[in-house]
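Colleague: Can you keep this structure in mind? I'll have questions shortly.
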Amino acid sequence: MSPRAKRTILVTGGAGFIGSCLIKLWLRTDPDVSIINYDKLTYCGDLSRLKELRAERRYRFVRGDVADAAAVERIVRGCDGIVHVAAETHVDRSLLEGRAFFEANTIGTYNLIEAARRSGVRRMLLVSTDEVYGSRDKGSFTERDPLNPTSPYSISKAAADLLATRYAGSIGVDCVVTRGSNTYGPYQYPEKVIPLFVSNALHDRPLPLYGDGRQVRNWIHVEDHCRGILTAYRKGKAGEVYNVSSPDSLRNIDLTRRILRILGKPETLVRRVTDRIGHDRRYAIRPDKLRALGWRTRRAFPEGLRETVLWYRDHEAWWRRIKEKSEEFKRYYARAYAGRLMKAAQGGR
Ligand code: TYD
């Protein structure tokens, strides 16, 4: 660690899609910070996302699990702050097997809050999700709305969110929560809809669109999301929640068409497949509270999506290593999609 660094921040899940972007952004914009990246390296963790930090003296990687209370206690000691990004995030996986979600997301958050209390950490931030509010047909949620999660994923995050907003404060831990919308950008694990559809389309494979494709998601670029996390960490009030979203909401079918248009691929690649169980129809949140702290999104969706799609086209080696070489990915894809794609090919739903 460099002698210049004045604060040490623990970022959990820093080998993931959002965590790695956050670490790079933070080190780039704040010369007084040192970062410890604590990550279990599960199926979607990948240190190649951080390869540009190889020579960075203010950065250190430690492999470990947030669900391991003793290890968490040791790693938190000596840190000034914690940004807790580590999580199991994929809804479809949580519908197949939810246990790992409660271990990582709920127990992991509990362990960090308890360790923060004992070591006197100055501030902790939990990266939560808009999915804790559940679905709504019209209008948008503010931070004061009740939580109404439906999947094992969103329920495990809602429990973590309540620990951070209700429990942490009562034991004297300064904790802030951000609830982000669907995030996109480079280096996202190719099980998520944008990298999955782009990479399938590039190889002329079907794009498995769930149900009628009219579900609405709000899309925020990963750098805008990370700048939102940093703003809340620096300027947010203890015990408060900050929604992080963009002005760009669209239906999955329209997102799919945009991707195909950018790649010059035909719409015949779209396969309507069996819907996700309990598929939330529409997510919508208002980020006014974070905007009042001076944060704004910078990437408009059409440019951000185009840039992202072209990034996957130009970084095929990165996602091919996962989609074609990872036995775990292949097993998951077969389990989650084989039946769906077969039914769709037979014209069923
Ligand atoms: P996803 O990227 O899994 O994020 P989340 O479930 O957290 O919103 O999915 C985004 C949307 O895309 C969601 O409405 C489900 C839909 N979807 C499909 O239609 N097909 C797919 O193969 C996947 C992965 C998602």
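Colleague: Mind ordering 244-253, 267-276 by average Cβ neighbours within 10 Å, highest first?
Modeller: 244-253, 267-276
Colleague: Would you work out which of Asn111, Phe61, Thr42 lies farthest towards the positive end of the dipole of segment 42-143, given +1 charges on the beta-carbon of Lys and Arg and -1 on that of Asp and Glu, about the Cα centre?
Modeller: Of the options given, the answer is Phe61.
Colleague: Using +1 at the Cβ of each Lys and Arg and -1 at the Cβ of each Asp and Glu in segment 132-174, identify which of Gly169, Gly139, Ser156 lies farthest towards the dipole's positive end.
Modeller: Comparing the listed Cα positions along the dipole, Gly139 ranks first.
Colleague: So, one more: Rounded to the nearest 10 Å², what accessible area does Lys51 show when all protein chains are kept and the probe is 1.4 Å?
Modeller: 100 Å²
Colleague: While we're on this one: Once the piece of chain linking Met342 and Glu97 is laid out straight, how much longer is it, given 0.36 nm per residue of separation minus the C-alpha distance between them?
Modeller: Details: separation 245, 0.36 × 245 = 88.20 nm, distance 2.24 nm.
Length difference between fully extended and current span is 86.0 nm.
Colleague: Would you please calculate the Kirkwood hydrodynamic radius of segment 109-261 over all C-alpha pairs and express it in Å, rounded to one decimal? Intermediate values should be presented prior to the final figure.
Modeller: Working: mean 1/r = 0.0589 Å⁻¹.
After inverting the mean inverse Cα-Cα distance, the result is 17.0 Å.
Colleague: Positive end of the charge dipole of the chain (Lys, Arg +1 and Asp, Glu -1 on Cβ, about the Cα centre): tell me which of Gly19, Val198, His84 has its Cα farthest that way.
Modeller: Farthest towards the positive pole: Val198.
Colleague: Please list, ordered by chain and number, the residues whose modelled amide H lies under 5 Å from the amide H of Tyr210; skip anything fewer than 5 residues away on the same chain.
Modeller: Result for Tyr210 returns Val273.
Colleague: With every protein chain present, what is the per residue accessible area of the chain (1.4 Å probe, Å²)?
Modeller: 43 Å²
Colleague: Also, I was wondering about something else. For a quick size check, give me the Cα extents of segment 75-183 along its three principal axes, largest first, whole Å.
Modeller: Each principal axis gives a Cα extent; for segment 75-183 these are 44, 31, 23 Å.
Colleague: Still on this structure, I have one more. How charged is the neighbourhood of Gly45? Take every other residue with its Cβ under 13 Å from the Cβ of Gly45, and add Lys/Arg as +1 and Asp/Glu as -1. Write down the numbers at each step before the final one.
Modeller: On the way: positive: Lys40, Arg49, Arg63; negative: Asp39, Asp46, Asp65, Glu88, Glu328.
With Lys, Arg at +1 and Asp, Glu at -1, the neighbours total -2.
Colleague: Now for a separate question. Could you compute the net charge surrounding Arg320? Neighbours are other residues with a C-beta less than 14 Å from the C-beta of Arg320; K and R count +1, D and E count -1. Could you put the intermediate results ahead of the total?
Modeller: Values: positive: Arg205, Arg313, Arg321, Lys323, Lys325, Lys330; negative: Asp46, Asp314, Glu316, Glu324.
For residues surrounding Arg320, the net value is +2.
Colleague: Let me ask something else. What's the magnitude of the charge dipole for segment 225-284 around its Cα centre, counting Lys and Arg as +1 and Asp and Glu as -1 at the beta-carbon? Answer in Debye, nearest 20.
Modeller: Around 120 debye, computed over segment 225-284.
Colleague: What does the convex hull of the Cα atoms come to per residue for the chain, in Å³?
Modeller: Each residue corresponds to 124 Å³ of Cα convex hull volume.
Colleague: Also, quick follow-up: Please get the size of the charge dipole for segment 281-349, origin at its Cα centre, with Cβ charges of +1 on Lys and Arg and -1 on Asp and Glu, quoted in debye to the nearest 20.
Modeller: Values: 20 positive and 8 negative charges, 83 e Å.
Its charge dipole is roughly 400 debye.
Colleague: For segment 250-349, compute Rh as the Kirkwood radius over C-alpha pairs and then the Stokes-Einstein diffusion coefficient at 4 °C and 1.567 mPa s; write the answer in µm²/s, rounded to an integer. It would help to have the intermediate numbers written out before the result.
Modeller: Working: Rh = 17.0 Å.
The estimated diffusion coefficient comes to 76 µm²/s.
Colleague: Over all Cα pairs of segment 198-306, how is the pair count split among 10 Å bins, expressed in % and running from 0 up to the last occupied bin?
Modeller: 13, 35, 30, 17, 5, 0
Colleague: Continuing with this model, one more query. My understanding is that a pair violates if its Cα-Cα distance is over 18 Å; which of Lys192/Lys323; Lys192/Lys265; Lys235/Lys289; Lys192/Lys330; Lys237/Lys289 do that in this structure?
Modeller: Values: Lys192/Lys323 12 Å; Lys192/Lys265 20 Å; Lys235/Lys289 11 Å; Lys192/Lys330 14 Å; Lys237/Lys289 11 Å.
Beyond 18 Å: Lys192/Lys265.
Colleague: If you don't mind, another one. Fully extended, how many nm does the chain gain between Arg261 and Leu293 (0.36 nm per residue separation, minus their Cα-Cα distance)? Provide the component values of the computation, followed by the final result.
Modeller: Values: separation 32, 0.36 × 32 = 11.52 nm, distance 3.68 nm.
Contour length minus the Cα-Cα distance gives 7.8 nm.
Colleague: Starting from the Cα gyration tensor of segment 10-121, multiply each eigenvalue by 5, take the square root, and state the resulting semi-axes largest first in whole Å.
Modeller: In descending order, the three semi-axes are 23, 19, 10 Å.
The values are calculated or read from the model by the stated rules, or taken from the named source; none is laboratory data. Bear in mind that the values here come from a model prediction, so they are computed numbers and not experimental data. All Cβ positions, even for glycine, are placed from backbone atoms using ideal geometry, and neighbour counts span all protein chains on display. Just so you know, the surface numbers come from the protein's heavy atoms only, side chains and all, with ligands and any DNA or RNA stripped out. Shrake-Rupley method; radii C 1.70, N 1.55, O 1.52, S 1.80 Å.
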